[in-house]
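Novice: Just passing along the structure, written as structure tokens.
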Amino acid sequence: MAAPVSLVAPHVAVRHLHFSYTLDGTPVFADFNWEVQRGETWAIVGPSGCGKTTLLYILAGLRRPDSGEVLIGGTPVPRPRASTGLILQDHGLLPWATVRENAGLGLRIGHFYRSKQARRGEPRPYPPDLPLHVADRWLERLGLASDAGKYPAQLSGGQRQRVAIARALALQPDLLLMDEPFNALDLATRTDLQELVAALQAELAITTILVTHSVEEAAFLGEQILLLNHPPNREPYIIANPGAGSPAHRASARYLDVCRRIETQLAATTPA
Ligand code: ADP
Ligand code: MG
């Protein structure tokens, strides 16, 4: 009997990816294949320098494969796409703009590029119909309504990261990429934001890919966990982690087992 064929196209497909920063150096990815289904939450974990950020940037369209392809919704990504949300470690807020302006920044940039294509050379005033209320709604939802007029320096690290999340969600992304977003935060704030991401994921089902170097964070949030290795990465090493993100998961036997499996695998790949 023929092997069953999936009729559902993956949301993200990485096919025969080859990527190198230098012409003669070790490639970071060599004939690397990986698929993410729509609505899944993945954690990518691996030692420093293994290529986590590189992979995220390739998915974001900020770096191009040397060969092979990356398809999102069946389409190649030659440049950043409007419906991919990107949240970086340093949250990327503008220090001179208020919380409200920062949360609406993605919407404004998106409008700027769309109108640039439509009316080249003409002045581009902010239109009254720019849906900044969408950003306001997210600020409210994430507990930042009373901070909307403040500047990033007046916020805690956790609040800043919430603004970055509001900004990404205001764009109604179908794909959310996060690069070690909670690194600089204390444990309680970090746990709080992990639970927020899990709750939003349960509600919105946005395909989510979170890079982390924390074994516990990967095991709590990642329904699927991709372990990367010292370059070149050829075969993806994947751990399935059903139940991830649910409030009870952290206390489950599976969570502890997945933590142990990640640690064992990382220890096996770390050079002496
Ligand atoms: P990670 O995010 O897992 O720590 P990166 O994706 O940042 O790893 O880096 C993967 C590898 O590529 C590392 O060996 C790193 O030194 C190298 N690298 C990253 N960025 C650059 C760059 N801009 N130029 C050259 N090499 C780079
Ligand atoms: Mg990195």
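Novice: For residues in the stretch 178-230 being of a type in the set (A, V, I, L, M, F, W, C) and assigned to a loop (DSSP other than H, G, I, E, B), which is nearest to A43 (Cα to Cα)? Full working, then the answer.
Specialist: Of the residues in the stretch 178-230, the ones of a type in the set (A, V, I, L, M, F, W, C) are 178, 182, 184-185, 187-188, 193, 196-200, 202, 204-206, 209-211, 215, 218-221, 225-228.
Now restrict to residues that are assigned to a loop (DSSP other than H, G, I, E, B): 182, 184-185, 205-206, 228.
Numbers: F182: 13, A184: 18, L185: 18, A205: 15, I206: 14, L228: 11 Å.
Among them, the one singled out is L228.
Novice: When you scan the stretch 23-44, do you find a residue that is away from ligand 2 (no atom under 16 Å from the Cβ), over 25 Å from L266 (Cα atoms) and without any contact (Cβ under 8 Å) to a residue 24 or more places away in the chain, even just one?
Specialist: yes
Novice: Going by what's in this entry, would D179 be described as within 16 Å of ligand 1 (Cβ to nearest atom), in contact with a helix residue (DSSP H, G or I) (Cβ under 6 Å, 6 or more places away or on another chain) and either closer than 20 Å to L94 by Cα or at pLDDT 75 or above (or both)? Show your work before the answer.
Specialist: On the way: within 16 Å of ligand 1 (Cβ to nearest atom): yes; in contact with a helix residue (DSSP H, G or I) (Cβ under 6 Å, 6 or more places away or on another chain): yes; either closer than 20 Å to L94 by Cα or at pLDDT 75 or above (or both): yes.
Criteria met by D179.
Novice: Restricting attention to the stretch 182-226, report how many residues are within 16 Å of ligand 1 (Cβ to nearest atom) and not hydroxyl-bearing (S, T, Y).
Specialist: At the first step, the residues of the stretch 182-226 found to be within 16 Å of ligand 1 (Cβ to nearest atom) are 182-184, 209-215, 217-218, 222, 225-226.
Filter again for not hydroxyl-bearing (S, T, Y), leaving 182-184, 209-211, 213, 215, 217-218, 222, 225-226.
Residues meeting the conditions: 13.
Novice: Just one of (1) within 13 Å of ligand 1 (Cβ to nearest atom); (2) within 19 Å of the chain's Cα centre (by Cα) trips up G25, so point out which.
Specialist: So G25 meets the others, but not (2).
Novice: Looking at V70 and the list (1) in contact (Cβ under 8 Å) with a residue 60 or more places away in the chain; (2) within 20 Å of L176 (Cα to Cα); (3) not aromatic (F, W, Y), which single condition is not satisfied?
Specialist: Result: V70 passes all but (1).
Novice: Further question on the same structure: Working carefully through the options P47, P95, P65, find the one that is closer than 30 Å to Q154 by Cα and over 17 Å from the mean Cα position of the chain (by Cα). Explain how you work it out, then say what you get.
Specialist: Values: P47 fails: closer than 30 Å to Q154 by Cα; P65 fails: closer than 30 Å to Q154 by Cα.
Result of the check over P47, P95, P65: P95.
Novice: In the stretch 60-84, which residues are within 16 Å of ligand 2 (Cβ to nearest atom) and crowded, with 21+ Cβ neighbours inside 10 Å?
Specialist: The one that is within 16 Å of ligand 2 (Cβ to nearest atom) and crowded, with 21+ Cβ neighbours inside 10 Å: A60.
Novice: Follow-up question, since we're still on this one. Identify the single condition in (1) over 14 Å from the mean Cα position of the chain (by Cα); (2) closer than 18 Å to G106 by Cβ; (3) aliphatic (A, V, I, L, M) that L56 does not satisfy, given that it satisfies every other one.
Specialist: Against the list (1) over 14 Å from the mean Cα position of the chain (by Cα); (2) closer than 18 Å to G106 by Cβ; (3) aliphatic (A, V, I, L, M), L56 comes up short only on (1).
Novice: Still on this structure, please answer the following. With the condition kept exactly as written, say whether any residue in the stretch 228-237 is within 16 Å of ligand 1 (Cβ to nearest atom), without any contact (Cβ under 8 Å) to a residue 60 or more places away in the chain and more than 21 Å from G61 (Cβ to Cβ). Walk me through how you get there before you give the answer.
Specialist: Of all residues in the stretch 228-237, those within 16 Å of ligand 1 (Cβ to nearest atom) come to 228-234, 236-237.
Cutting the leftovers down to without any contact (Cβ under 8 Å) to a residue 60 or more places away in the chain gives us 237.
Checking the rest, the ones that are also more than 21 Å from G61 (Cβ to Cβ) come to 237.
Yes; the residues of the stretch 228-237 include at least one that is within 16 Å of ligand 1 (Cβ to nearest atom), without any contact (Cβ under 8 Å) to a residue 60 or more places away in the chain and more than 21 Å from G61 (Cβ to Cβ).
Novice: For the stretch 155-174, name all the residues that are in a loop (DSSP other than H, G, I, E, B), more than 13 Å from the chain's Cα centre (by Cα) and modelled with pLDDT of 90 or more.
Specialist: Here is the first cut: in the stretch 155-174, the residues in a loop (DSSP other than H, G, I, E, B) are 155-156, 171-174.
Right, trim to more than 13 Å from the chain's Cα centre (by Cα) and you get 155-156, 171-172.
L155, S156 - these are the residues of the stretch 155-174 that are in a loop (DSSP other than H, G, I, E, B), more than 13 Å from the chain's Cα centre (by Cα) and modelled with pLDDT of 90 or more.
The values are calculated or read from the model by the stated rules, or taken from the named source; none is laboratory data. Keep in mind that what you see is a predicted model, and the values were worked out from it rather than measured. We place every Cβ from the backbone using ideal geometry, glycine too, and count neighbours over all the protein chains shown.
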